[in-house]
Amino acid sequence: MLWPYKVALGGYPLFSRNPPLFLLYPLSLRANFLHKPGRGRRATCWAAALLLAACRPAAEQPISSIGFEDVEGWVVPTPPWLTNDPVHNGRRAFALLNTENYGLNITRPWGSLGRPRTLEVGTWVNLPHGRTHVALIVQVNRGDPAEVRYYKLIPIHEVVKRYNTWQLVHATHELPDDLQDDDIVKVYAWQWDAHYTLFFDDIYLKKLR
Amino acid sequence: METTLPRPDAAGTRPRRLARLGARLAPLLLHTGVLVGLYAVLYTLGIITQLPDNSNLLSWDADLFHRIAQTGYDDAASGINAFFPLLPGIWHFTGFSAIQISLLNATCLLAGMALLGWAFRLSNRQLLVALSGPLLLFGLVPYAEALFFLGSAVLLAGLHRQRLGLVVLGLVVACLARSAATLLIPSYLFAELLWWGRGHWRWAQLGRLLAGIAACLVALGGVMLLQYRSHGDALAFYKVHALWGHIWQPPLLPLHSSAGINVLWLDATALVVAGLSLLSCLVLGLHWLTSWRTTPTATAVAAQALPPSKAVLFSLSYCVGAGYFIVFYQAGDLVGLARYVLASPFFVVLFWQLGQLPRQRARQLAAAVLGAGLLAVLALGGLGGFNSFYPGQALVYFGLFLLYLLAYVAVGARLTPWFREAGTALYLVNCLVMLYLLDLFLHVIWIN
């Protein structure tokens, strides 16, 4: 259990062969393991490399994003789902009212999104408490009547555990290989069981591949 | 002059017995004190925002148990038929409030744990870590978990100490407390069959086997009769599963828990326990198939070629059954698995068994736990497919999950020189998680 003292006293130099990695020494279960030449340092480097690689932010820009500011003024009277409190960014957000099962309803042809094979869909949500049951659904339909080519439901309440504050939820979707340009990509929210008013803002779609 | 002196043994025995009893009860009292103290501190600091009362304790299934206690089984098509009558019966006849029935449940839970401590000679550390299982919060609220825990503890004590009376009593109580006969009967068969012809007269073994199965069937028949007399449908408890959509289907990947990420890691822990239990059952079963005709020699006995305790075999089989039911009947939703496995005495027995393993075997088990944990991570979506987690965040989440798994093995099998410190840390983390989950439960937030 020497590492705190060694770090405090400069025993592990800040600019040694692996400069910032000494911070990861506490992660090791046995400090004396690190004193064996080579093994601990190598393991720490691998762990750090994995961690850094995993934390690298995605560089892709959204192919579509909606902040709801643009809707203001175009729909008269202002619909009840267009709220100005709370908002994540800008002046307006979307409210999935406690009287509604479905909301958002973003619809775009697959071709106009740049023909994504791997699509990331995300949104900021604001839930009042943990008793909600709400999901963000991505669906791809073909033709009329619609034939469902893809469907995935992301339960938002399973991952959002902080309430009355804005939280980012997102998921990656591997779309089928045989999609056509006029297939319709739909993104919508669904709530079931007891209904509450929930807020969404800054929804985005990113083409990852 | 004639004087009457106390007999030397009588003078020494009673205080010694009292001291022994006190020593056995000490970890239970300590745990009660720690939980109450932690709850008080967290409430004072405003981290926990409400105290249990007669209203918020009736959340989720507790309300259904309360309804059965009030009205009985009044509807053949209702989900209440899945809840077995032992807890509602006690509630009905005592007329207790929700707080009082919770206190009774807590007492049953502690009694069950004390019984396991006696039967398996659990150390204080083992007892405290076992008591701190986060999902044991369901033994502190008006659920049937505490009575099921007590009944199962009696059963396991009977199996381990080879007392048929305890086995029969435990099976009856457990089968009356929860709809678990479909898990208990195969587990009992497995435990008895793997000891078939090992040191006992086979007719006696057959008698034990039939007595255990009869106990389950009598309890189950009693429940069916009760429901038949209430609303005319003796199979209502079974039909409820179809009502809830519990039909056999391959699991949808990635696995998830409808209770969310704050319970998912516990469900995944239970999944690892169930997976490794399946592996153990297969190995033990194969060994039994290849050697059941041979009578064990003195050498084999000395080399520990006999199967583990029947209680361990039963626990392994139960965990396999619970895992199978959740994975193949809930379409990939793991919710409930942690409650069925980690909040049961079967997990306590498996935790005890860790300490019985030779050092080399324990190390192999730690590697197997790590491997099973990584497989569970993949089944949950891995680093790239974990909903709403970027890979770095998922790495931290799953890293902590694997650390939690390894901590149990390290503490149970004393694999590290720091096992005492690790045990204390595990205990405190578990207690905090338990209180956090209890707070969510009292806020009517779905956790299991």
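The alpha-carbon of residue A:186 sits under 18 angstrom from the alpha-carbons of these aspartates and glutamates, leaving out residues fewer than 8 places away in its chain: A:100, A:120, A:144, A:147, A:174, A:177, A:178, A:201, A:202.
Our coupling estimate for the range B:166-183, obtained by passing each phi through the Karplus curve with A = 6.51, B = -1.76, C = 1.60 and θ = phi - 60°, is 5, 4, 5, 4, x, 5, 4, 5, 5, 6, 7, 7, 9, 6, 10, 4, 5, 8 Hz, Gly and Pro reported as x. Per-residue mean of foreign Cβ neighbours for A:155-166 is 4 (Cβ atoms of other chains, 10 Å radius). For chain B, what does -39500 (n - 2.57) per DSSP helix run (n ≥ 4), summed and divided by total residues, give at 222 nm, in deg cm²/dmol to the nearest 500? Mean residue ellipticity at 222 nm (helix-derived): -23500 deg cm²/dmol.
With only alpha-carbon atoms in the gyration tensor, what are the semi-axes of the equivalent ellipsoid for the range B:129-246, in Å, largest first? Write out the running numbers ahead of the final one.
Working: eigenvalues 145, 85, 30 Å².
Rounded to whole Å, the semi-axes are 27, 21, 12.
Classified by the C-alpha gyration tensor, the range A:63-137 has an oblate form. Its axis ratio a/c, with a ≥ b ≥ c, is 1.5 or above, and a/b does not exceed b/c.
Kirkwood-based Rg over Rh for the protein assembly as shown (C-alpha set), two decimals?
Using Cα coordinates only, the ratio equals 1.01.
With R₀ fixed at 25 Å, the C-beta to C-beta distance from residue A:91 to residue A:129 puts the FRET efficiency at about 0.45.
The mean sequence separation of alpha-carbon pairs under 8 Å and at least six residues apart, normalised by the residue count of chain B, gives a relative contact order of 20 percent. Here each label is just a point 7 Å from Cα along the line to Cβ, and for residue B:283 and residue A:106 those points are 5.0 nm apart. Using a simple spin-label model with pseudo-atoms 7 Å out from Cα toward Cβ, residue B:163 and residue B:13 lie 1.8 nm apart. With a 10 Å cut-off around each Cβ of B:249-260, the average count of Cβ atoms from other chains is 2. Distance between the 7 Å Cα→Cβ label points at residue B:253 and residue A:168: 2.8 nm. Scoring B:359-372, B:256-269 by mean Cβ neighbours within 10 Å over their residues and listing the highest first yields B:256-269, B:359-372. Heavy-atom accessible area for residue A:144, with the other protein chains in place and a 1.4 Å probe, reaches approximately 150 Å².
For the range A:62-207, what is Rg from Cα atoms divided by 2.2 N^0.38 Å, rounded to two decimals?
1.04
Other protein chain C-beta atoms within 10 Å of residue C-beta, averaged over B:381-390: 5. With the cut-off at 1.5 for a/c, could you classify chain B from its C-alpha gyration tensor as rounded, prolate or oblate? The shape class here is rounded. Computing FRET efficiency as 1/(1 + (r/R0)^6) for residue B:118 and residue B:235, where r is the C-beta to C-beta distance and R0 is 41 Å, gives about 0.60.
Only Cα pairs under 8 Å and at least 6 apart count here; give the relative contact order of the range B:137-202 as a rounded whole percent. Mind showing how you got there, number by number?
Details: 57 pairs, mean separation 16.7, N = 66.
That works out to 25 percent.
Extension gain for the segment residue B:26 to residue B:403, taken as residue separation times 0.36 nm less the Cα-Cα distance, is 132.8 nm to one decimal. Under 5 Å between amide hydrogens, built in the peptide plane, is the criterion, and for residue B:415 it picks out nothing among residues at least 5 positions away or on other chains. Compute the Cα gyration tensor for the range B:310-351, then decide on rounded, prolate or oblate, letting a ≥ b ≥ c be the square roots of its eigenvalues: rounded whenever a/c is under 1.5, prolate when a/b is larger than b/c in the other cases, and oblate in all that remain. Oblate is the answer for the range B:310-351, as a/c is 1.5 or above yet b/c matches or exceeds a/b. Here r is the Cβ-Cβ distance between residue B:242 and residue B:202 and R0 is 51 Å; the resulting FRET efficiency, rounded to 0.05, is 0.80. Using the average count of surrounding beta-carbon atoms within 10 Å as a protection proxy, the listed peptides B:316-323, B:414-421, A:168-175 rank, highest first, as B:316-323, A:168-175, B:414-421. Under 5 Å from the amide H of residue A:104 lie the amide H atoms of A:189, each residue being 5 or more positions distant or on a separate chain, with H modelled from the backbone and absent for Pro and chain starts. Close amide-amide hydrogen proximity is noted between residue B:258 and B:334, B:335, each under 5 Å apart and 5 or more residues distant or on a separate chain (H modeled in the peptide plane; Pro and chain starts excluded).
The listed peptides B:22-28, B:129-135, B:246-252, ordered by packing as a protection proxy, come out as B:129-135, B:22-28, B:246-252 (highest mean of other Cβ atoms within 10 Å first).
The values are calculated or read from the model by the stated rules, or taken from the named source; none is laboratory data. Predicted, not measured: the structure shown is a model, and the values here were computed from it. Every residue, glycine among them, receives a Cβ derived from its backbone with ideal geometry; neighbour counts consider all protein chains shown. When the accessible area is computed, the model is the full protein with side chains, heavy atoms only, and any ligands, DNA or RNA have been set aside. Shrake-Rupley method; radii C 1.70, N 1.55, O 1.52, S 1.80 Å.
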